[in-house]
Amino acid sequence: MRLVQTKDGTSYLWPFVLVTSLFFLWGFAHSILDVLNKHFQEVLVISKAKSAMVQAVVYGGYFLMALPAGHFIRRYGYRMGVILGLLLYALGAFLFVPGSRMMSFEFFLFSLFIIGCGLTCLETAANPYVTVLGEPETAASRLNLAQSFNGLGWILGPLVGGLVLFSGEGGNIAWPYIGIGCAVVLVALLFLRVRLPEIKEEESDAASVVASAGKGLWNHAHFTLGVVALFCYVAAQTGINSFFINYVTESSIGMSNRDAALLLSFGGMGLFMFGRFFGSWLMEKMAAERLLLYFALGAGVCMLLVILTSGWMGVTGLFVCYLFESIMFPTIFALAIRGVGVHTKRASSFLIMSIVGGAVAPVLMGLCGAEAIRVGFFVPLVCFGVIALYAFRYRRWLQA
């Protein structure tokens, strides 16, 4: 497989397959939050702005844990970073068992924060690791392919959460987390038994090491502005996911919470997963930054439909936006760390820190959309504008 081969014929197919399994796990963890958001509004009788704390604590964990995770990975390697992340993920998941008996919103937030810290370790290790399992010019396409399986997790999260929590009889919130916790423990045991090649950035991209010699990380303009673009993307994606169910149920199409969760699962997240496979293929035919520009503009048009129209027209715009969102995270990540050479692991930590954007947007959208949630979608509209500008100016900033 050309995407995971180097010019000297070395194949990294098995490490690629193994690490790609992790992308599914954090996709599930993130997408089930969107169902929890609406569930907590109703069961615990809290406001939209307060329920957005579900996303805020998970993404806040990214901000607080990213640098420690990066330091741990630099010292002990990618494999140990993955194992630490899996163990924290499992711990947070199993805390939902006592949480389901206490029904304390604060305890649930604590459990989700632990999960967020675990996901931070996983993403800090897995994203840059995938980019170096082959040639630098195919890094964006390779990361999009791996992230496609993340899309499968995004499909199953709302599906499982919607069927359990919106079953009509008030399902037990602990069951989805018991299942995922057991799965995560099994994957951790697998990683304990295998040895992944610890690829050095100096080996995988010697030219970029020379280019980055004597140049500080923050002097790479394409990286610095990539952090801003990634912050905006995660803010937009999380905000849209958080209030998808609210938007659909508040529209005039007459859809229930359960049906809206299923629409999010099979419809929105299905398009999201398809978009990543399709985007990975397209990047073999055009520059990644050009495709990013087209998709960012498409997402902006979708947000205008959400804000300015109603009924099925607005829901369709929200639905199609998932297709345009699909390639953004892996593409921005790969573009931002291109050519930073010896700074790659540290750069990854800062990029993962930017995921804190997911803690900001849902709260802003909840406040802006307290009366009509469609008003809150101005926040992701602005974010997609920033991403389009980054893609448009990328080549100039890369050469700065």
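The values are calculated or read from the model by the stated rules, or taken from the named source; none is laboratory data. All of these numbers come straight from a predicted model, not from anything done at the bench. Every residue, glycine as well, gets a Cβ built from its backbone with ideal geometry; the counts of neighbours run over all protein chains shown.
Listed values, structure above:
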item: Residue satisfying condition, being of a type in the set (Gly, Ala, Ser), surrounded by fewer than 24 Cβ atoms within 10 Å (Cβ to Cβ), touching a residue at least 12 places away in the same chain (Cβ under 8 Å) and closer than 23 Å to Leu335 by Cβ, within set Gly279, Gly300; result: Gly300
item: Check on Val228, in a helix (DSSP H, G or I), buried (at least 24 other Cβ atoms within 10 Å of the Cβ) and either over 16 Å from the mean Cα position of the chain (by Cα) or touching a residue at least 40 places away in the same chain (Cβ under 8 Å) (or both); result: no
item: Identity of the residue in segment 1-35, touching a residue at least 24 places away in the same chain (Cβ under 8 Å) and small (Gly, Ala, Ser), that ends up surrounded by the fewest Cβ atoms within 10 Å (Cβ to Cβ); result: Ser21
item: 1 or more residues at pLDDT 85 or above and over 28 Å from Val82 (Cβ atoms): qualifying helices (runs of 4 or more DSSP H) within segment 324-380; result: 357-368
item: Leu25 in contact with a Cys (Cβ under 9 Å, 6 or more places away or on another chain) and assigned to a helix (DSSP H, G or I); result: no
item: Residue within segment 67-74 that is of a type in the set (D, E, K, R) and in a helix (DSSP H, G or I) present; result: yes
item: Boolean, Tyr233 is over 19 Å from the mean Cα position of the chain (by Cα), closer than 30 Å to Phe378 by Cβ and modelled with pLDDT of 80 or more; result: no
item: The one condition in (1) over 21 Å from Lys38 (Cβ atoms); (2) modelled with pLDDT under 85 that Ile387 fails to fulfil; result: (2)
item: Qualifying residue in segment 182-200 (condition: outside any loop (DSSP other than H, G, I, E, B), buried (at least 23 other Cβ atoms within 10 Å of the Cβ) and more than 19 Å from the chain's Cα centre (by Cα)); result: no
item: Single unsatisfied condition, Leu323 versus (1) surrounded by 24 or more Cβ atoms within 10 Å (Cβ to Cβ); (2) under 22 Å from Gly153 (Cβ atoms); result: (1)
item: Residue check, Lys38 surrounded by 24 or more Cβ atoms within 10 Å (Cβ to Cβ) and modelled with pLDDT under 85; result: yes
item: Failed item in (1) in a helix (DSSP H, G or I); (2) surrounded by fewer than 17 Cβ atoms within 10 Å (Cβ to Cβ); (3) not small (Gly, Ala, Ser), with Asn172 passing the rest; result: (1)
